[in-house]
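Heads up, the thing below is written out as structure tokens.
The values are calculated or read from the model by the stated rules, or taken from the named source; none is laboratory data. Because the structure is a prediction, the values reported are computed rather than measured. All Cβ positions, even for glycine, are placed from backbone atoms using ideal geometry, and neighbour counts span all protein chains on display.
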Amino acid sequence: MSGNRFAGPAVPAVPAVRTGPRLLTGGFPGAPTSLHDHLARHNPLLTRLCRSSADALIEEVRLAGLTGRGGAAFPAARKLASVAAAGGRPVVVANGTEGEPASAKDKVLAATEPHLVLDGAVIAAAMVGARKAYIVVDPVVVATMEFAVAERVAARLDRVRLRVVPAADGFVAGEASAVVNWIERGVPAPRSTPPRLAERGLHGQPTLVNNIETLAQIALIARYGARWFRSAGTQAEPGTMLVTLTGAVRTEGVREIEIGRPVRDVLALAGGLSVPVSALLLGGYSGAWVRWPDVADLPFSAAGLAGVHAGPGAGLIAALPADRCPLVETAAIARYLAGESAGQCGPCLFGLGAISAELTSLAAGRPSSPDLIRRWLGQVDGRGACRHPDGAARMIRSALSVFAAEVSEHLGGWCTGPSSFPVLPFPYRRPA
Amino acid sequence: MMSRAARGAPGGRPPGLALLTVDPIACDGRGLCAEIAPELVTLDDWGYPIVPAQPVPPRWLTHAREAVRLCPKLALKLE
């Protein structure tokens, strides 16, 4: 592609996507947007940047106020700038691992708009001075991604080498340093910090690890600019985000929303609630429980959900039917998260196991001690190399506080739920 | 979350004050640190060390250095 068709982050007169969905516009799983259709909708992207135009693009991302869409909401421009400043020969890792079992947004994005993801990886590589980008995606979308890469190679579109890597299985496999470890050593376990990945990551090189939705948003910002990006969402949290709506909703699936839409409206995109609902699990399986009436009219944003001690996280909203026991669900998720510990750090390995066993007793109405659970939560929080124990502790703490009445009932020996089988979805383990 | 000991900020600390940190992957819970520096290190219910989030007070620095030096897994750091 010629380098002068696109002079820095200037905004084309009429962006191709003005309102409505920005990421999920054309394709659908099974029929991803082809390179031809992709370039017809969005103009080609400048992928050879001089130092100054790369800095200007990072500045554009900063002005856009884009935050990471993998769950941590770290400012995207700060990560780009720190890798760009690290020196050496950086590499880019597009992280579509999506270990979150109930979430499907990264799989859907990769399966429908692979070129937007690849654009993002290519432009991020240009911004930080990388020549190589690893595209780590769920095995179900590897073929789609590889086809998209082949289309681009045939069109001689990019100067960045793109390598598609099937993601590892497991909840912690999506953690940034675990992805780097997976590519480098075939072991999807987190690493100790320091060193930070931006300084010494993959093969010791400065490494930019971004969620693939973040990269797709970067691809749009590079084309249409910060002002366009900010025309959706809120002042503090601009743009759109992908959400996975699951549980007691009419049509489960992935939708794109403006950040800050009321939770009730977001659920309406899934056809609304299918049965009466008591509570929502927000953010992910390491997110937070909230009572449905408390949250229905709050904006789905970090600011809007802060008052109920929750956040958008990686965009999961799981609705729990009112006739189901929330402690049964919580215990099942806790057991799952305990089993997903990489087993490297003692407090996570032993603590989450102990906590989930005690929670299981509580949920079953057997003798158990919420005080002991709270004590152990304090002993696992912040004590791993990664945030896995912190996230599990957050989810369980929120359950003990939001479902305090149910906890008392269980201690008295009775449960309002009809069965001890959880309704929220769990992953099956792919055979190794 | 504030107790995340491994994430001590290097900047802004007065000179001479050092933070005791543990690499949770390297740590095997042998517990020597809690024997050597009980003023600083307590053990959780599974025998893994909990280190203070605050810098080590000067009067305990000798104990802290000894604990770092004798950790069989080289998991403790004073920085």
Kindly indicate the residue of segment A:332-342 that is in contact (Cβ under 8 Å) with a residue 60 or more places away in the chain and of a type in the set (A, V, I, L, M) and also farthest from A:HIS410 (Cα to Cα) among those meeting that condition. A:ALA342
Counted residues, segment B:55-77 - those being more than 14 Å from every other protein chain (Cβ to nearest Cβ) and either among the aliphatic types (A, V, I, L, M) or without any contact (Cβ under 8 Å) to a residue 24 or more places away in the chain (or both): 12
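Yes or no, residue by residue, for (1) outside the structural domain of A:ARG374 (by TED's automatic domain parsing); (2) at positive phi; (3) of a type outside the set (A, V, I, L, M):
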position	(1), (2), (3)
A:ALA310	yes, no, no
A:GLY315	yes, yes, yes
A:THR330	no, no, yes
A:TYR336	no, no, yes
A:GLU340	no, no, yes
A:GLY343	no, yes, yes
A:PRO347	no, no, yes
A:GLY351	no, no, yes
A:ILE355	no, no, no
For segment A:361-421, give me every one of the helices (runs of 4 or more DSSP H) that falls completely inside it and has 1 or more residues that are in contact (Cβ under 8 Å) with a residue 60 or more places away in the chain and under 19 Å from A:SER286 (Cα atoms). A:388-402
Please work out which residue is nearest to A:ASP381 (Cα to Cα), limiting yourself to segment A:339-356 and to residues that are away from chain B (no Cβ under 13 Å) and in a helix (DSSP H, G or I). A:SER356
Residue check: is A:VAL83 assigned to a helix (DSSP H, G or I), more than 18 Å from A:THR240 (Cβ to Cβ) and in contact with a Ser or Thr (Cβ under 9 Å, 6 or more places away or on another chain)? yes
Given the residues A:LYS105, A:LYS79, which is the only one that is more than 22 Å from A:GLU252 (Cα to Cα) and assigned by TED's automatic domain parsing to the domain that holds A:VAL180? A:LYS79
Segment A:200-247, residues that are on the phi > 0 side of the Ramachandran plot and free of Cβ contacts under 8 Å to residues at least 12 places away in the same chain: A:GLY204
